[in-house]
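Beneath this line is the structure, given in structure tokens, with notes to follow.
Only the coordinates and a few stated rules stand behind these numbers; no lab work does. Nothing here was measured: the structure is a model prediction, and the numbers come from that model. Here the Cβ is made from the backbone with ideal geometry for all residues, glycine too, and neighbour counts use every protein chain on show.
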Amino acid sequence: MFIDEVELREIQMEYISPFETSLGREYYKRAIIVKIEAQGSEGFGECVAEESPWYSYETIETAWHVLSQFMIPIILKKDVESPGAFLSTLSRIRGHNMAHAAIEEAFIDAYAETRKTPLSKLLGGVRNRIESGVSIGIQESVEKLLKNIENYMDQGYRRIKIKIKPQWDLEVVEKVREAYPEISLMVDANGAYTIKDSKNLQELDKYNLLMIEQPLDYDDLVDHAELQSKMKTPICLDESIPNLSSAQTALKLGSCRIINIKVGRVGGLQKAKRIHDYCQEKGVPVWCGGMLETGIGRAINVAIASLPNYKLPNDISASNRYYSEDLVEPPFQLNRDGSITVPQKLGIGVEVVKDRLEKVTKKKRVFT
Ligand code: OSB
Ligand code: MG
């Protein structure tokens, strides 16, 4: 597939409500949208690098730099046969997984279109609907949190994830469990604890949680293994798994029993699939994490979450949980059974609405 043109846009969109984790509070989404034009097909990708290097070392600016100075010059005006060839063409560029993922997504979306295939099918997806959970940020009060949970449960979400940090943990989980003894509940600490907090974290075993996500530091596989050996609740790793090698190390050490795969964090769809396949072979379930994506990134997430070993509810909620107006049509909606339907049209399977994209664009550069 001959790559004729690549376009980068930086966009900004306000969230319906601010999102707070142990890492900080966010009011709006800033992202890079990548568009590739190849032989009459158009493909989109979304870079999930954030404004600040809290969740990951990458930022909007580092991703823009690496995309425009290194990645785009390597692939522009080249004939790249397949997703596999695309991956190896860019493999000289180390790290910068979120930048890698965004441009690979755009290529694969265009490629799927030329192959007349929905992205889900191209990746080996087997589901028509994916299970949808919701991730709720740290709130001003437990009362507000309970109201939020009630609202999302009423809408049909099947699993609630609450963000925790020191001073917003045990008591909060206890009150949520008191109010909702039966719901499928999990917590995500975004690395806010250390192994010295083991005793406290073990208290969480009382609350029948589906899992505890990333309790310890982002590269701390050894301490996670020690903590997992002391806890009944499965540990799920997010930040600690940037690639297949770390997934292998984590499973060998016993650092977790579940893996959250984010396409951006692991460097793209093909790498996500490799981690998925490895976990499947080892009998370890995975699910798809989210970065509050626009409809473009959400479409990518829905497609990969249709693979067979995505066995737990995903952080893929409906468009209206994040934005008053999404960038795609149709927007993603929650079915009554708490699932989201996997689009069956070609490529990402939803239409990017050009004038909405234009409206939220802060910066744009076209490479021809
Ligand atoms: O840790 O999963 C996380 C958002 C930004 C950064 C990190 C995380 C998150 C989420 C959002 O939990 C989940 C979603 O997109 O709905
Ligand atoms: Mg997480």
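Overview of results
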| quantity | calculated |
| --- | --- |
| Stokes-Einstein D (µm²/s) once Rh is taken as the Kirkwood radius of the stretch 121-341 over alpha-carbon pairs, at 37 °C in 0.692 mPa s | 186 |
| Computed [θ] at 222 nm, deg cm²/dmol, the chain (DSSP H ≥ 4; -39,500 (n - 2.57); rounded to nearest 500) | -9500 deg cm²/dmol |
| Two-decimal ratio, the stretch 251-301, of alpha-carbon radius of gyration to 2.2 N^0.38 Å | 1.19 |
| Computed FRET value (nearest 0.05) for VAL126 with LYS196, which takes r as the C-beta separation and R₀ as 30 Å | 0.10 |
| Dipole magnitude of the stretch 24-80 about its Cα centre (Cβ charges: Lys, Arg +1; Asp, Glu -1), debye to nearest 20 | 60 |
| Reachable lysines from LYS359, criterion Cα separation under 26 angstrom, eight or more residues apart if same chain | LYS29, LYS35, LYS345 |
| Number of Lys pairs (Cα under 16 Å; 8 or more positions apart or on different chains) in the stretch 167-256 | 6 |
| Candidate aspartates and glutamates for bridging to LYS77, where Cα separation is under 14 Å - those fewer than 8 sequence places away on the same chain excluded | ASP4, GLU5, GLU7, GLU37 |
| DSSP bridge pairs, the chain: antiparallel proportion in percent, nearest 5 | 65 |
| Neighbour-limited loop hits for trypsin sites (Lys or Arg not before Pro), the stretch 13-77 (at most 14 other Cβ within 10 Å; DSSP other than H, G, I, E, B) | LYS77 |
| Ascending count of other beta-carbon atoms within 10 Å, so fewest first, for LEU23, LEU8 | LEU23, LEU8 |
| Relative exposure of LYS175, LYS144, judged by other C-beta atoms within 10 Å (fewest first) | LYS144, LYS175 |
| Residues GLU58, GLU178, sorted so that the one with the fewest Cβ neighbours within 10 Å comes first | GLU178, GLU58 |
